[in-house]
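The block underneath contains the structure these notes are about, expressed in structure tokens.
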Amino acid sequence: MNPVERSFEKRRKKEEGLFANIYGKRLSFLISYPNYYNLGMANLGFQSIYRILANDERILVDRAFLPYPQEEAYLRTTKTPLFSYTTYMPLRDFDIVAFSISFEPDYLNFIKILELSGIPLYAKDRGDEYPIILIGGIAPSANPLPIEPFADLFVIGEGEKVLKDLIDLLLKERNKCEVLKVLSKWEGVYVPGYTEGKVRRLWIEDVNHYPSETVLYSREQEFPDMHLVEIGRGCGRGCRFCMAGYVYRPVRNRSFSVIRESAKRGKRYRKKIGLVSPSVSDHPEIIEILEEILSEGMGVGISSLRSDSVTRELLYLLKEGGLNTITLAPEVGSEKMRRIINKNIYPELLFEKIEEALSVGIKSIKLYFLVGLPKEEDEDIEEMVSLIRRIIEGFKSIKELILSINPFIPKPHTPFEVFPQEREEIVEKRLSYIEKSLKKRYNKIKILPREIKYYILQGLLSRGGKEISEFLPEIARNGPRRFKRVVPEEISERAIFSLLDPDDLPWKIIDTMVYSEYFEKERTLMEKGRFTPPCPPKGCTLCGVCRNINIGGNR
């Protein structure tokens, strides 16, 4: 047994939960998360797909992750192809290798995994002797073009819906070319070179039929002490910067009974339930859910809260469940910017919720902010600093104020998709100003490390077209820090620092079911400083999603 096999075995021995079938003989299916094991095992998208595959006894199922540095060094030194976690089968010997990609920077890790596996990077160079390379996840579902030449096919949207049909097809037809021809006609599947016209994203009407929860546990994953469960999908708040708020419409909440059963399953392995959704506090049965978890003697964790749906009762239950930090996302500090981004978390509301949190014993506050938004000026940053000062000076009982301040990238399929990304030097200057204004003066403030070094690269990977794909293998080999030496400056200027033509966007091949005219209307409202109300509970016809999925006003 080589050192990498021993490393994999050591981790596997700490795992518990649902183990996939490794004896299926008709089809071998590998699911890969293109980052380290601890991150992949905590990803609910990865866990959801793994659950479906692991319950299909017809197929052999295994996993792969980006190897840790010492593991990668061994593989390269010994020229050993990357192999799977359980069977130690080389990735290049599987029938299909599926990648679940949530974040654009992981495109480079995806390429690295192909290279380490001895699989030709480009789809055109892979014959029937190599596996079909499938890519899914929110990042490529929004814009697959930067990695299009490396994939045989993309599943666009909520891939759980098509997985069983895909397996059925692969069990019947083994010729890669024929498989791709058939798949190119499926809704929600994009097969480069075969698919004609736009690809409409897949969506699941009743999320109760597709549980999304932890099914395989590890003490080495992020959130090792939690059973994670997605309680809702989609967000109708309409924040103009948020891609997930548009590509996952309409809002669909799992029922109390389904969440209760998930919590009971999790209780066998963990003592704490982690609730995940775009805004946990927006779930209409959140109080009942928390009461049920507490009645089972379990603790609770949450992803984030929306200030205008937080109540004192909710905070009290969270504290009873062991929560010590409340996470809120005002995003900006000025009234002008609140109207720009369509998020009216005004100071008085924020202060009220912080006061309520402190009153129930939650003493640590975490706040999310964005820098580099459209129309942002230095005065808006000053108002952000002023807002933070008012909080730390006005609430003496705060034990720690944690600030996560992130550079903004205009994402596809949002009203901000056409706007240029802010220049790196301006973002760096504003981040530095915030840090200098706060960190030395207030010892209770903790500013999380800022991710500015890959700011331009992430913009390219998010907003670029197929023209940037030729540079990715070299960036993956030499490391992202040197990408500016690889990508011509004119490509960066055109892709991320220019105002884009709304009729000529690279990601126009993807149909999210939101009308492009709706985004134009949102940009007009932004210019006028006007808010757009959230989606009504029963649906409407404004953005086009409810009309496109034939549910009219009956959501």
So Asn344, is it surrounded by fewer than 18 Cβ atoms within 10 Å (Cβ to Cβ), closer than 30 Å to Thr532 by Cβ and either modelled with pLDDT under 95 or within 27 Å of the chain's Cα centre (by Cα) (or both): yes
Residues of the stretch 31-43 classified as under 19 Å from Lys14 (Cβ atoms) and not in a loop (DSSP other than H, G, I, E, B), total: 5
Filter result (exposed (fewer than 15 other Cβ atoms within 10 Å of the Cβ) and under 27 Å from the mean Cα position of the chain (by Cα)) within the stretch 19-32: Phe19
Qualifying residue in the stretch 221-233 (condition: within 30 Å of Lys521 (Cα to Cα) and either part of a loop (DSSP other than H, G, I, E, B) or not β-branched (Val, Ile, Thr) (or both)): yes
Filter pass, Ser102 being of a type in the set (Ser, Thr, Tyr), in contact with an Asp or Glu (Cβ under 8 Å, 6 or more places away or on another chain) and closer than 20 Å to Glu160 by Cβ: no
Count of residues meeting criterion [of a type outside the set (Ser, Thr, Tyr), in a helix (DSSP H, G or I) and surrounded by fewer than 18 Cβ atoms within 10 Å (Cβ to Cβ)] in the stretch 358-382: 3
Residues within the stretch 305-327 that are over 21 Å from Arg260 (Cβ atoms), crowded, with 17+ Cβ neighbours inside 10 Å and among the hydroxyl-bearing types (Ser, Thr, Tyr), tallied: 2
Complete set of residues in the stretch 273-300 that are crowded, with 20+ Cβ neighbours inside 10 Å, closer than 22 Å to Tyr217 by Cα and not hydrophobic (A, V, I, L, M, F, W, C): Gly274, Ser277
Tabulated pairs, the stretch 300-312, first under 22 Å from Lys272 (Cα atoms), second of a type in the set (Asp, Glu), C-beta under 6 angstrom, 6+ apart or interchain: Arg306/Asp282; Arg312/Glu356
The one condition in (1) at pLDDT 95 or above; (2) over 30 Å from Trp203 (Cα atoms) that Pro480 fails to fulfil: (1)
Identity of the residue in the stretch 44-79, in a loop (DSSP other than H, G, I, E, B) and basic (Lys, Arg), that ends up surrounded by the most Cβ atoms within 10 Å (Cβ to Cβ): Arg58
Any hit, the stretch 187-201, residues being assigned to a helix (DSSP H, G or I) and touching a residue at least 12 places away in the same chain (Cβ under 8 Å): no
Conditions (1) among the hydrophobic types (A, V, I, L, M, F, W, C); (2) without any contact (Cβ under 8 Å) to a residue 40 or more places away in the chain; (3) touching a Leu at 6+ places or on another chain (Cβ under 6 Å): number failed by Leu170: (2)
Tabulated pairs, the stretch 34-51, first under 12 Å from Ser218 (Cα atoms), second part of a helix (DSSP H, G or I), C-beta under 6 angstrom, 6+ apart or interchain: Gly40/Phe46
Criterion violated by Ile409 - all others in (1) assigned to a helix (DSSP H, G or I); (2) crowded, with 21+ Cβ neighbours inside 10 Å; (3) among the β-branched types (Val, Ile, Thr) satisfied: (1)
Scan of the stretch 484-539 for residues that are in contact (Cβ under 8 Å) with a residue 40 or more places away in the chain, within 26 Å of Ile468 (Cα to Cα) and of a type in the set (Val, Ile, Thr), ordered by number: Ile496, Ile509, Ile510, Thr512
Only listed residue being in contact with a His (Cβ under 9 Å, 6 or more places away or on another chain) and either outside any strand (DSSP E or B) or more than 26 Å from Lys14 (Cβ to Cβ) (or both), chosen from Ile293, Ile289, Ile273: Ile289
Flag if Lys446 is over 26 Å from Asn109 (Cα atoms) and either at pLDDT 95 or above or not basic (Lys, Arg) (or both): yes
Any hit, the stretch 59-75, residues being in contact with a strand residue (DSSP E or B) (Cβ under 7 Å, 6 or more places away or on another chain), in contact (Cβ under 8 Å) with a residue 60 or more places away in the chain and among the β-branched types (Val, Ile, Thr): yes
Condition met for Glu173 (of a type outside the set (A, V, I, L, M) and touching a helix residue (DSSP H, G or I) at 6+ places or on another chain (Cβ under 8 Å)): yes
Residue list for the stretch 483-514, restricted to those being in a helix (DSSP H, G or I), surrounded by 17 or more Cβ atoms within 10 Å (Cβ to Cβ) and not β-branched (Val, Ile, Thr): Phe483, Ser492, Ala495, Pro506, Trp507
Residues satisfying the stated conditions in the stretch 106-138, i.e. under 25 Å from the mean Cα position of the chain (by Cα) and free of Cβ contacts under 8 Å to residues at least 40 places away in the same chain: Leu114, Ile133, Leu134, Ile135
Filtered residue count, the stretch 1-33, keeping only those that are of a type in the set (Val, Ile, Thr) and modelled with pLDDT of 95 or more: 2
Strands (runs of 3 or more DSSP E) wholly inside the stretch 80-182 containing at least 1 residues that are crowded, with 20+ Cβ neighbours inside 10 Å, at negative phi and in contact with a Pro (Cβ under 6 Å, 6 or more places away or on another chain): 96-100, 153-155
Complete set of residues in the stretch 321-376 that are within 17 Å of Met526 (Cβ to Cβ), touching a residue at least 12 places away in the same chain (Cβ under 8 Å) and of a type in the set (Lys, Arg): Lys336, Arg339, Lys343, Lys375
Which listed residue is farther than 23 Å from Pro480 by Cβ and in a strand (DSSP E or B), from Lys446, Lys436, Lys440: Lys446
Residues (among the hydrophobic types (A, V, I, L, M, F, W, C), in a loop (DSSP other than H, G, I, E, B) and under 25 Å from Gly45 (Cβ atoms)) located in the stretch 1-30: Leu18, Phe19, Ala20, Ile22
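The values are calculated or read from the model by the stated rules, or taken from the named source; none is laboratory data. If you're wondering where the values come from, they're calculated on a predicted model, not measured in any experiment. For neighbour counting, all protein chains shown are included, and Cβ atoms are generated from backbone atoms with ideal geometry for every residue, glycine included.
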